[in-house]
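*Asks:* Quick one: the structure is below, and I'll ask about it shortly.
Throughout, read-outs are computed from the coordinates displayed, never taken from laboratory work. Small disclaimer: the values here were computed from a predicted structure and weren't measured. Here the Cβ positions follow ideal geometry from the backbone for every residue, glycine too, while neighbour counts run over all protein chains shown.
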Amino acid sequence: MTKNILITGATSGIGLALIEPLKAAGFLPILTGRNAGKTADLAAHHGVKFYTLDVADPTEILRVTQQISDDLGPLHALINNAGIWLEGDFEKYSANDIKAVMDTNTMGTINMTHAVLPDMLKRGNGTVINVVSTGALYTRKSISIYAASKWAIRGFTGCLENECAPKGVRVMGFYPGKIASNMYETAGVERDLSVAMTPKTAAEMLITMLKDETMVWSQISGRALKDYV
Ligand SMILES: NC(=O)c1ccc[n+]([C@@H]2O[C@H](COP(=O)([O-])OP(=O)(O)OC[C@H]3O[C@@H](n4cnc5c(N)ncnc54)[C@H](OP(=O)(O)O)[C@@H]3O)[C@@H](O)[C@H]2O)c1
């Protein structure tokens, strides 16, 4: 079966770094991004299918995931990668800043999963990987909303993992620390990235999680899929 892998936010960082290694591993990556021109250009460069998809827009999610299903058939996996950073004192955030982070990091992940999971459950096969963050494992000052957005996804991922594994569908969280991507710069934040994981290494880890279909990688430890049956 064709191994279609839908990646959200694949126009930069980890998402973009996934494209070539996924191809090399025999998968068919589907490059999606919120910026139509950038998404099309990158897809042409890498020779892969693409769709413009803003995960903060629930209507667009329903339309585009249906289109992908019609065009390309079932998904082998969804990688919920799209995300944005927000840093600073909570009381200084605007309501729009807060909404953008929660709509993208939290509701984007939940709505994408909600759109593709029924077909995976019907087939009794499929994988959802949520790119979370160490920001969902600890608390510190200045990241209240980013942390809230990712802690929500940590809970969502863990619950869904338990719900779906007995039905043959793997739901997993990936919890990286600092990555040398554009995320901080896009948010207007200066960050020393001299000691940080590269997007390439993060992509390799995700592909390991994807390839080992007998395992459900639960945070930093793995469990065999058969353990849930
Ligand atoms: N960088 C880190 O230190 C770090 C650490 C732990 C976890 N993470 C997580 O890793 C994931 C990937 O981040 P990254 O480090 O690779 O950052 P990045 O280089 O900024 O990439 C983020 C991607 O998400 C896209 N995106 C943002 N909002 C979107 C939306 N509403 N709809 C669709 N796409 C959207 C961006 O699109 P544009 O190209 O249009 O901006 C970009 O392609 C995020 O979930 C992030 O929270 C990052």
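*Asks:* Six or more apart or on different chains, Cβ atoms under 7 Å: show the pairs whose first residue is in the range 165-188 and basic (K, R) and whose second is assigned to a loop (DSSP other than H, G, I, E, B).
*Replies:* Cβ pairs passing all conditions: K167/G124; K178/L193; K178/A196.
*Asks:* Note down all Cβ pairs under 6 Å where the first residue falls in the range 26-41 and is closer than 15 Å to D71 by Cβ, the second is exposed (fewer than 15 other Cβ atoms within 10 Å of the Cβ) and hydroxyl-bearing (S, T, Y), and they're at least six residues apart or on different chains.
*Replies:* L28/T2
*Asks:* Checking the structure you have, find out if any residue of the range 180-198 is within 11 Å of the ligand (Cβ to nearest atom), of a type in the set (S, T, N, Q) and in contact with a Lys or Arg (Cβ under 6 Å, 6 or more places away or on another chain). Break it down into steps so the answer makes sense when it comes.
*Replies:* Here is the first cut: in the range 180-198, the residues within 11 Å of the ligand (Cβ to nearest atom) are 180-187, 189, 191, 193, 196-198.
Those left that are additionally of a type in the set (S, T, N, Q): 181-182, 186, 198.
The next check asks that each one be in contact with a Lys or Arg (Cβ under 6 Å, 6 or more places away or on another chain); those that pass are none.
Among the residues of the range 180-198, not one is within 11 Å of the ligand (Cβ to nearest atom), of a type in the set (S, T, N, Q) and in contact with a Lys or Arg (Cβ under 6 Å, 6 or more places away or on another chain), which makes the answer no.
Table: residues versus (1) touching a helix residue (DSSP H, G or I) at 6+ places or on another chain (Cβ under 8 Å); (2) within 30 Å of L225 (Cβ to Cβ); (3) in a helix (DSSP H, G or I).
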{"site": "H45", "(1), (2), (3)": "no, no, yes"}
{"site": "T59", "(1), (2), (3)": "no, no, yes"}
{"site": "S69", "(1), (2), (3)": "yes, yes, yes"}
{"site": "W85", "(1), (2), (3)": "yes, no, no"}
{"site": "N130", "(1), (2), (3)": "yes, yes, no"}
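*Asks:* Next question, about the same structure. Identify the single condition in (1) within 11 Å of the ligand (Cβ to nearest atom); (2) touching a Ser or Thr at 6+ places or on another chain (Cβ under 7 Å); (3) closer than 29 Å to T139 by Cβ that D103 does not satisfy, given that it satisfies every other one.
*Replies:* The number of the failed condition is (2).
*Asks:* Please state which one of I110, I68, I19 is more than 14 Å from the ligand (Cβ to nearest atom) and either touching a residue at least 24 places away in the same chain (Cβ under 8 Å) or more than 15 Å from the chain's Cα centre (by Cα) (or both).
*Replies:* Working: I110 fails: more than 14 Å from the ligand (Cβ to nearest atom); I19 fails: more than 14 Å from the ligand (Cβ to nearest atom).
Residue meeting the stated conditions: I68.
*Asks:* OK, next. Give me the helices (runs of 4 or more DSSP H) completely within the range 132-229, filtered to those with at least 2 residues that are within 15 Å of the chain's Cα centre (by Cα) and either exposed (fewer than 14 other Cβ atoms within 10 Å of the Cβ) or among the aliphatic types (A, V, I, L, M) (or both), ordered by residue number. Spell out the reasoning first.
*Replies:* Numbers: elements: 144-164, 183-186, 199-211.
Correct list: 144-164, 199-211.
Conditions (1) exposed (fewer than 15 other Cβ atoms within 10 Å of the Cβ); (2) more than 24 Å from A203 (Cβ to Cβ); (3) polar (S, T, N, Q); (4) within 19 Å of the chain's Cα centre (by Cα), marked per residue:
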site: G47; (1), (2), (3), (4): yes, no, no, no
site: L53; (1), (2), (3), (4): no, no, no, yes
site: T59; (1), (2), (3), (4): yes, yes, yes, yes
site: L78; (1), (2), (3), (4): no, no, no, yes
site: E91; (1), (2), (3), (4): yes, yes, no, no
site: M102; (1), (2), (3), (4): no, yes, no, yes
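*Asks:* Could you go through the range 112-119 and let me know if any residue there is touching a strand residue (DSSP E or B) at 6+ places or on another chain (Cβ under 9 Å), closer than 20 Å to A36 by Cα and buried (at least 22 other Cβ atoms within 10 Å of the Cβ).
*Replies:* yes
*Asks:* Would you point out the residue of the range 1-16, among those that are within 8 Å of the ligand (Cβ to nearest atom) and among the β-branched types (V, I, T), that is nearest to E60 (Cα to Cα)? Break it down into steps so the answer makes sense when it comes.
*Replies:* At the first step, the residues of the range 1-16 found to be within 8 Å of the ligand (Cβ to nearest atom) are 8-16.
Subset that is among the β-branched types (V, I, T): 8, 11, 14.
Values: T8: 13, T11: 18, I14: 23 Å.
My answer is T8.
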